[in-house]
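Peer 1: Quick one: this structure, given as structure tokens, is what I'll be asking you about.
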Amino acid sequence: MEKPKSKKGLARLVSALGYSLQGLAACYRNEEAFRQEAVVFIVLLVVIVLIPLSGFVKLLLFTVNSLVLIVELLNSAVEAVVDKVSPEYDELAGRAKDMGSAAVLLSLIAAAAVWVYALYQAFF
């Protein structure tokens, strides 16, 4: 398969957007954890709008919720590449997958910490 010719200007931006949307769709179709986190993201968006918080705290909540999805996308990409290049068990491949999973865990902990702070500010 030949490498496609590079696009320039607006055509490149449109193509990049298309590739990004394909990546989101592929992750949603193939990764259960991403689907679960995406549903939680949507629910929490509604909560962010409804709870009485400053604009800054709402932005912070949106950012940490987005961070969880971003890290999950990167983790899924690492897992896909590892599965492609190392279909049999390999210690380094396992370590790479574990590190990606740890990154997701840390993003979830960060999001939970910000949510605890925000809810405390809103209701106590």
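All of the numbers you see were taken from the coordinates with simple rules; none came from a lab. Just so it is clear, the structure is predicted and the values come from calculations on it, not from any experiment. Cβ sites come from the backbone with ideal geometry, for glycine too, and all protein chains shown count toward neighbours.
Peer 1: Using Cα atoms only, what is the angle between the long axis of helix 9-30 and the major principal axis of the chain, expressed in degrees (0 to 90) to the nearest 10?
Peer 2: Taking Cα atoms only, the helix is inclined about 80 degrees.
Peer 1: Return a whole-number percent for the relative contact order of the chain, with Cα pairs under 8 Å and 6 or more residues apart as the contact set.
Peer 2: 27
Peer 1: If you don't mind, another one. Compute, for the range 1-54, the length of the dipole vector about the Cα centre, with Cβ point charges of +1 (Lys, Arg) and -1 (Asp, Glu) only. Units Debye, rounded to 20.
Peer 2: For the range 1-54, the charge dipole is close to 480 debye.
Peer 1: Still on this structure, please answer the following. Compute the distance in nm between two label points, each set 7 Å from the Cα along the Cα-to-Cβ direction, one at VAL39 and one at LEU106.
Peer 2: 2.9
Peer 1: Volume per residue, Å³, of the convex hull around the alpha-carbon atoms of the range 1-70?
Peer 2: Dividing the Cα hull volume of the range 1-70 by its residues yields 117 Å³.
Peer 1: Restricting to lysines 8 or more places apart or on different chains, can you count the pairs in the chain with Cα atoms under 29 Å from each other?
Peer 2: Values: LYS3/LYS84; LYS3/LYS97; LYS5/LYS84; LYS7/LYS84; LYS84/LYS97.
Total qualifying Lys-Lys pairs in the chain comes to 5.
Peer 1: On to the next question. Whole percent per 5 Å bin, from 0 to the bin with the longest distance: what is P(r) over all C-alpha pairs of the chain?
Peer 2: Result, from short to long distances: 2, 10, 15, 16, 15, 14, 12, 8, 5, 2, 1, 0, 0 percent.
Peer 1: I've got another one for you. First measure r as the distance between the Cβ atoms of SER6 and TYR28, then evaluate 1/(1 + (r/R0)^6) with R0 = 30 Å and state the FRET efficiency to the nearest 0.05.
Peer 2: Working: r = 28 Å, r/R0 = 0.93.
FRET efficiency, SER6 to TYR28: 0.60.
Peer 1: Across the chain, where is the longest run that never hits GluC sites (Glu not before Pro) in a DSSP loop with at most 12 other C-beta atoms within 10 Å?
Peer 2: 3-87
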